[in-house]
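Notes follow the structure.
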Amino acid sequence: MFIIRYGTLAHTAGCLPLKGLTAALQEYGIDFVQLALSKAIQDIDTSAGKLSPGLASYIGEQFDRAGIRIGVLGCYINPIHPDPAVRRLEIDRFKEHLRYARQFGAPMVATETGALATFAEFEPYRYEELGWETLRTTVEELAEEAEKWGVFLGLEGVCTHTLSTPAKMRRILDEVPSSSIGVVLDPCNWIGDNVPQQDRIIDDAFNLFGDRIILAHLKDMYPGGSHIRHGQAGRGLFHTAEFLNKLQAHKPMIDVSLEEIKGPEIRETVSLLNSLAANRS
């Protein structure tokens, strides 16, 4: 049997009062959400320093009553921000999410890793090296915090970011050997415009760290002028069925968060994805 649990970004429903948010998401028939607090919850101040066990538990309870898990807290910071003071604020905000993730019911907190060219203006000849050193230092600190609270630090690679290839994801896993680090696999983000090489890129990811994947994102790729645009999963250029079967083989029952999608499209998309995967299993 092909079993993958589908969810979406909580703010797919908009930024709403909490009870209205959970009611709207309930209509989508999803199993879980990726919750970015400030993007999704309108009537509660969740800014830095405001979280507590009580607040986190209250929010988690509202989702639980709606039959929806909080599968991941999204706290997408820039972990290599060139201003050390701003970077410290970002890191501290992420660490606060790690401390309270379990009260929300979430096993992980996820982030991307900052633009590859972040330091190009300051160090044109060694900007990639400087960005890498900064990322490694940040990841070391966040991984240590995640270990303290028994949750995962989820890292998501993007072709234009510091973790721009599967090989670089493998490198950070080797250089920061913490079991608290997991991979958020968004295949389309790594493929970018390199559509003809998509199978090689995805196979590299599974071969290099298939055992470390803790969450997948899913969308699709469509022609969009000079660059690929992203949209609803299952009908574009991405080899969706093949990816889902590889994902199921490596990580059965993993959570898959649907992106670049509107709420009313979710039920139809889940049905399509299950059909695609079943036809190739």
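Would you compute, from DSSP H runs of 4+ residues alone, the mean residue ellipticity of the chain at 222 nm, taking -39500 (n - 2.57) per run and dividing by the full residue count, rounded to the nearest 500? Present the calculation step by step, with values, prior to reporting the outcome.
Details: 10 runs with 123 residues, N = 281.
Roughly -13500 deg cm²/dmol at 222 nm, from the helical runs in the chain.
What accessible area per residue comes out for segment 54-184, rounded to a whole number of Å², with a 1.4 Å probe? It would help to have the intermediate numbers written out before the result.
Values: 5520 Å² over 131 residues.
Here the per-residue accessible area is 42 Å².
Per residue, segment 205-281 exposes 47 Å² of accessible surface when a 1.4 Å probe is rolled over the protein heavy atoms with every protein chain present.
The relative contact order of the chain, computed from alpha carbon pairs under 8 Å that lie at least 6 residues apart in sequence, is 18 percent.
Carbon-plus-sulfur accessible fraction, segment 123-210 (probe radius 1.4 Å, protein heavy atoms only): 50%.
Can you give me the % of accessible surface on segment 1-75 that is carbon or sulfur? Probe 1.4 Å, all protein chains present, nothing else counted.
Working: 1590 of 3190 Å².
The nonpolar share, carbon plus sulfur, comes to 50 percent.
Please compute the Cα-Cα pair-distance distribution of segment 72-115 with 10 Å bins starting at 0, giving whole percents from short to long. Taking every Cα pair in segment 72-115, the percentages come to 31, 49, 18, 1.
For a test of the definition: using alpha carbon positions, the gyration tensor, and the 1.5 limit on a/c, classify segment 1-137 as rounded, prolate or oblate. The shape class here is prolate. Of [x] 1.06; [y] 0.92; [z] 0.98, which one was derived for Cα Rg over 2.2 N^0.38 Å from the structure shown? Structure-derived value, by its label: [z].
The values are calculated or read from the model by the stated rules, or taken from the named source; none is laboratory data. Computed from a prediction, not measured in an experiment: that's the story for all the values here. To get the accessible areas, we keep the full protein, side chains included, count just its heavy atoms, and leave off ligands, DNA and RNA. Shrake-Rupley method; radii C 1.70, N 1.55, O 1.52, S 1.80 Å.
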